Amino acid sequence: MTRPPPLLLLSLLLLLLRIPGPCSGERSSSALEEIATEKEAEESHRQDSVSLLTFILLLTLTILTIWLFKHRRVRFLHETGLAMIYGLIVGVILRYGIPPTSGHDKPLSCSQEDRAYTTLLVNISGKFFEYTLKGEISPGKIHNVEQNDMLRKVTFDPEVFFNILLPPIIFHAGYSLKKRHFFRNLGSILVYAFLGTAVSCFIIGNLMYGVVKLMKLVGQLSDKFYYTDCLLFGAIISATDPVTVLAIFNELHADVDLYALLFGESVLNDAVAIVLSSSIVAYQPTGGNIHAFDAAAFFKSVGVFLGIFSGSFMMGVVTGVVTALVTKFTKLHCFPLLETALFFLMSWSTFLLAEACGFTGVVSVLFCGITQAHYTYNNLSVESRSRTKQLFEVLHFLAENFIFSYMGLALFTFQKHIFSPIFIIGAFIAVFLGRAAHIYPLSFFLNLGRRHKISWNFQHMLMFSGLRGAMAFALAIRDTATYSHQMMFSTTLLIVFFTVWIIGGGTTPMLSWLNIRVGVDPDQDPPPTNDSFQVLQGEGPDAERRNRTKQESVWIFRLWYSFDHNYLKPILTHSGPPLVTTLPSWCGLIARCLTTPQVYENQEQLRDEDSDFILNDGDLTLTYGDTTITANGSSGSHAAVTSLDGRKTKSSSEEALERDLGTEAPEVMSRGTRLVFPLDA
């Protein structure tokens, strides 16, 4: 066999080096694709950083402007209104100041599929790529899809709001609740929050259904808009958030009962609105027309409402009780950092646990906050008490201003706005009428049973203060897949802007015009009404405030207070009387196990500094002439009980109540005899 000449071998080698084979070509193409993918990932990371930096700069600018306004005592614009203005400015810059950065979207047809998929795997030249569903696009806007990557990055994700931003806002509302005035007005607050929200929802929903019919008649309705959609809009827009008004009330020290009514209604109203909207979505009539009225489906929705609300309530309370037990029977107070971290995680997990179980996290975290404030707070170390208060206050401030900043941003970055002048004008009118039907008729019926009446100027202020805010915005943006929901979201955004800027800015002049008291001590009670008795001489203003406190508490909590003071607080906290003195003798072993040594150490200082419930445990006596009338309605001749030194003695439960209320006079104060005479007719 002859060997090939060396020159031929050299030529073949050069030819192989110059002409790459298919394997080397694929490798080089794959390397180029990997480089391109890495560059896209790096660019995406940079845009994420820029979008977060944008919101941080917005919050920083808002804080500095708030300081300037407080320094200059400017009250016509609240911090939330400032955040919205800055968000609008940044939204204009992002919309019109940044050129499109991507243009690679190409519509593909999948005519054989009859529904959209949440996740889509696309085979491109043998390589599979994953795509996620972002929403439906109308055929007329197929060529107007947003090509600006920066605007896509700052687009609001509803799940981020509900799982990250909303919990600290709602928890702070419950944890910082002024319980003394809240529970004195609890009956009225519950009526406003539950019955009032339902009335407002149905009135707004029915009025908006008439507006929709009018739009269809004049040819302004281009897609379907059902009656259930109108009711859903009524539930969404019934969620009030008078943060601006409350901030001004707090700064001016407005009347405490008005503050309690407005704050309590707004706190519970958000919870009711979100459960009510879930119940309307769950409304599914049997038969062909899913939007027709069906009595069975209606009562099923009512059952869903009650089930979700009660389940969420129980979940929040149970989580708070578990946290109280853990902090009581462990030595976590020796490690304040661990104690604060556990408190924070348990409180936040309440929201996520409720959502995971199909309940409403807003309701759960609200009542978890109230339970934590009443029980767990007493078990925390001094350092942890300060830390938890400040931590949730800061989180609440940042989250709320972040949301309002995004509201301004969303006016220009949201791609599915549908603005209908008829729908917008009708919505403003419906909101006004719904709020009026919410406040005035219910106030009339409440005044029939209230000792301290809700005056007309209070009613006008409650009517004026029905601002819409973060909760209405979040409920509206949670589902913007259909034409009707997109129109509802755009209208909700405009209503929030108007109420925060115009109504919030007019709060101070309205207070002056309605002659509502300002500069009031939070512990000062309103002036007495025309009661059938008066104090001529006695223990001073503290005693008068204590009597008013006991009389005006909600009766169901007066009954509950004794059980809470004698059993629940000793079990869950280090305060209250020892269980060995309240439980039956045959429960002695259990009582000793559940009673900690701190209870005996704190027996002389049982006052809970943060729990100012306006409750009593019965045995409240009013002297009318020579007859003593007790809280349970029994009467008898008046007999004073005095000690050996001439002072009037009190039962242990009464003393405990006064300690919880913070109304007990100092021991060094001399106590006079209180003479009570009937008023002349």
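Here are the numbers for the structure shown:
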read-out	value
Some residue of the range 455-463 being of a type in the set (A, V, I, L, M), within 21 Å of the chain's Cα centre (by Cα) and in a helix (DSSP H, G or I)	yes
Residue that is least open to solvent (accessible area, probe 1.4 Å), among those in the range 565-587 that are without any contact (Cβ under 8 Å) to a residue 12 or more places away in the chain and part of a helix (DSSP H, G or I)	CYS587
Residue among SER188, SER200 that alone is farther than 20 Å from ILE477 by Cα, at pLDDT 90 or above, touching a His at 6+ places or on another chain (Cβ under 9 Å) and hydroxyl-bearing (Ser, Thr, Tyr)	SER200
The one condition in (1) assigned to a helix (DSSP H, G or I); (2) at pLDDT below 85; (3) open to solvent by 100 Å² or more (accessible area, probe 1.4 Å) that LEU64 fails to fulfil	(2)
Members of the range 547-584 found to be modelled with pLDDT under 75 and either among the charged types (D, E, K, R) or over 27 Å from ASP257 (Cβ atoms) (or both), listed by number	ARG548, LYS550, GLU552, ARG558
Cβ-Cβ under 7 Å pairs, at least 6 apart or on other chains, the range 155-170 side hydroxyl-bearing (Ser, Thr, Tyr), far side in a helix (DSSP H, G or I) and buried (at least 19 other Cβ atoms within 10 Å of the Cβ)	THR155/THR413
THR54 being surrounded by 10 or more Cβ atoms within 10 Å (Cβ to Cβ), in a helix (DSSP H, G or I), modelled with pLDDT of 75 or more and not hydrophobic (A, V, I, L, M, F, W, C)	yes
Within the range 416-442, considering residues that are open to solvent by less than 20 Å² (accessible area, probe 1.4 Å), small (Gly, Ala, Ser) and under 24 Å from the mean Cα position of the chain (by Cα), the one nearest to LEU151 (Cα to Cα)	ALA427
Meets criteria (open to solvent by less than 50 Å² (accessible area, probe 1.4 Å), out of contact with any Asp or Glu (no Cβ under 8 Å at 6 or more places or on another chain) and of a type in the set (Lys, Arg)) for LYS453	no
Residues located in the range 278-291, provided they are at pLDDT 75 or above and either open to solvent by 50 Å² or more (accessible area, probe 1.4 Å) or not aliphatic (A, V, I, L, M) (or both)	SER278, SER279, VAL281, TYR283
Test set (1) closer than 26 Å to GLY358 by Cβ; (2) surrounded by fewer than 17 Cβ atoms within 10 Å (Cβ to Cβ) - GLY219 fails condition number	(1)
Meets criteria (of a type outside the set (Asp, Glu) and closer than 30 Å to LEU57 by Cα) for ASN457	no
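The values are calculated or read from the model by the stated rules, or taken from the named source; none is laboratory data. Since this is a predicted model, take the numbers as computed values, not measurements. Positions of Cβ are backbone-derived with ideal geometry, glycine not excepted, and every protein chain shown enters the neighbour counts. These area figures cover heavy atoms from the full protein model, side chains too; ligands, DNA and RNA do not enter into them. Shrake-Rupley method; radii C 1.70, N 1.55, O 1.52, S 1.80 Å.
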